[in-house]
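The values are calculated or read from the model by the stated rules, or taken from the named source; none is laboratory data. Bear in mind that the values here come from a model prediction, so they are computed numbers and not experimental data. Just the protein is used for accessible areas: all its heavy atoms, side chains included, with ligands, DNA and RNA removed. Shrake-Rupley method; radii C 1.70, N 1.55, O 1.52, S 1.80 Å.
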Amino acid sequence: MTEIKEKFKVASNELTQCKNRLESALNDVDRKNSELQQKEQALNELTKSFTMLESENNELEKVKIRFEEQQSVISALHNQISDRDKTIIDLKEDKDKLNTRLDIAEETISNLTVALQAAQALHGIEKRQAAIVDQTDAVAEESLQQPPKKRSWLDKLLRHK
């Protein structure tokens with residue numbers, strides 16, 4: 001019986017050791033389970049952060065697309081402004097040419113006006129000369145057709161001198 005007691009004692013010690021190891025293993029499992037829960041919680045937080053980052057990234061992409069669209073609109077407007085600037089320059093050049101032509105035309109009109117006035121004056125003089133010539137011819141013809149008038153004694157005296 002001592003042998004049984006001894007075997008019982010050995011078995012009891014082994015059971016106690018086994019129990020201690022089991023408790024230690026359970027503690028390890030609990031500790032690892034706790035660590036796992038902490039890691040799972042951290043993973044959940046990281047997943048939330050990642051989801052938020054994805055959402056922000058999507059918003060940034062949308063902003064980037066809007067920015068690029070606005071840049072293309074701005075570029076198109078710059079091109080339109082450049083085209084209008086060229087048109088304005090061309091119109092200014094055309095205006096300068098037209099102003100030069102207008103100045104030449106005004107000078108020509110002024111010269112033509114002076115020439116017309118001179119021609120009118122000459123024409124008036126020619127008409128007067130023609131009228132004077134016609135009148136002189138008429139007077140000469142009339143005096144040829146009329147018999148000579150008798151001169152008064154005073155006329156004879158004054159012309160005779």
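A 1.4 Å probe over all protein chains sorts 61, 126 by accessible area into 126, 61, starting with the largest.
Quick check: from the Cα gyration tensor, does the chain come out rounded (a/c under 1.5), prolate or oblate? Prolate, because a/c is 1.5 or more and a/b exceeds b/c. Only protein heavy atoms count here; on that basis, with a 1.4 Å probe, residue 125 has an accessible area of about 80 Å².
Adding -39500 (n - 2.57) for every DSSP H run of four residues or longer, then dividing by how many residues the chain holds, sets the calculated 222 nm ellipticity at -36000 deg cm²/dmol. Partner aspartates and glutamates whose Cα lies under 20 Å from the Cα of residue 92, excluding those fewer than 8 positions away in the same chain, are identified as 83, 103.
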